[in-house]
1. How many residues does region 84-123 contain that are outside any loop (DSSP other than H, G, I, E, B) and of a type in the set (D, E, K, R)?
2. Would you mind finding the one in Glu120, Glu116, Glu93 that is among the acidic types (Asp, Glu), free of Cβ contacts under 8 Å to residues at least 40 places away in the same chain and under 16 Å from Tyr71 (Cβ atoms)?
3. Which one of the conditions (1) farther than 12 Å from Ile31 by Cβ; (2) touching a strand residue (DSSP E or B) at 6+ places or on another chain (Cβ under 6 Å); (3) touching a residue at least 40 places away in the same chain (Cβ under 8 Å) does Ala49 fail to meet, given that it meets all the rest?
4. Spot the failing condition for Met51; the list is (1) touching a Phe, Trp or Tyr at 6+ places or on another chain (Cβ under 6 Å); (2) surrounded by fewer than 16 Cβ atoms within 10 Å (Cβ to Cβ); (3) hydrophobic (A, V, I, L, M, F, W, C), and only one is missed.
5. Going through region 43-73 one residue at a time, which ones are over 12 Å from Ile121 (Cβ atoms), within 17 Å of the chain's Cα centre (by Cα), of a type outside the set (Gly, Ala, Ser) and not in a strand (DSSP E or B)?
6. Being surrounded by fewer than 14 Cβ atoms within 10 Å (Cβ to Cβ), in contact with a strand residue (DSSP E or B) (Cβ under 6 Å, 6 or more places away or on another chain), among the polar types (S, T, N, Q) and over 14 Å from Ala48 (Cα atoms) is the requirement here; does Ser102 meet it?
7. Looking only at region 74-83, filter to residues that are assigned to a loop (DSSP other than H, G, I, E, B) and surrounded by 15 or more Cβ atoms within 10 Å (Cβ to Cβ); which one of those is modelled with the highest pLDDT?
8. Report every pair of residues separated by at least 6 positions or lying on different chains whose Cβ atoms are under 8 Å apart, first residue within region 62-73 and of a type outside the set (S, T, N, Q), second in a helix (DSSP H, G or I).
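The values are calculated or read from the model by the stated rules, or taken from the named source; none is laboratory data. Quick caveat, the model's predicted, so the values are computed rather than measured. Glycine gets a Cβ as well: all are built from the backbone with ideal geometry, and neighbour counts include every protein chain shown.
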Amino acid sequence: MERAFDFNQNIPQQSKILDTPVQLHNQHLIIQNDLANQVIGEERQTYAAMMPEEKKILLTKASNKAFKAKYKPIMLFVKQKNIQGDKSISLQEFFADHPDLSQENHALKYSFADKEAILEIHIL
């Protein structure tokens, strides 16, 4: 059975990725290459812990055993977003557990503790 497509119909515009170091885009955390290399390096998984009272997420390398013991995090997959090396991490699991969090695409405030290698991201 053939399907007929109308290529003249209006196609909704896709939202564009912002030029900020950390942002939320379609329920995915996008981290620019330079910061991603500091936080995650070349690892394909990361530990993430949600702090719902402060509305923030903590991220670190999957090899950070002290973080795992202290925060009881979940492990999330890290994907390369583009040829620049930006990283993408799905946060859909956090949004399912915390529906009160803003899911709008926007730049996120963050801080990086180089000593502990933990990225603190504020989800407002």
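1. Applying the first criterion (outside any loop (DSSP other than H, G, I, E, B)) to region 84-123 yields 87-90, 92-97, 106-107, 109-113, 118-122.
Filter again for of a type in the set (D, E, K, R), leaving 87, 93, 97, 109, 120.
Count: 5.
2. Numbers: Glu120 fails: free of Cβ contacts under 8 Å to residues at least 40 places away in the same chain; Glu116 fails: free of Cβ contacts under 8 Å to residues at least 40 places away in the same chain.
One residue alone meets the criteria, Glu93.
3. Unmet condition: (3).
4. (1)
5. Hits for region 43-73 are Glu43, Arg44, Pro52, Pro73.
6. Working: surrounded by fewer than 14 Cβ atoms within 10 Å (Cβ to Cβ): yes; in contact with a strand residue (DSSP E or B) (Cβ under 6 Å, 6 or more places away or on another chain): no; among the polar types (S, T, N, Q): yes; over 14 Å from Ala48 (Cα atoms): yes.
In short, no.
7. Going through region 74-83, the residues assigned to a loop (DSSP other than H, G, I, E, B) turn out to be 78, 81-83.
The next check asks that each one be surrounded by 15 or more Cβ atoms within 10 Å (Cβ to Cβ); those that pass are 78, 81.
Values: Val78: 96, Lys81: 90.
Filtering region 74-83 for residues that are assigned to a loop (DSSP other than H, G, I, E, B) and surrounded by 15 or more Cβ atoms within 10 Å (Cβ to Cβ), the one modelled with the highest pLDDT comes out as Val78.
8. Pro73/Phe67
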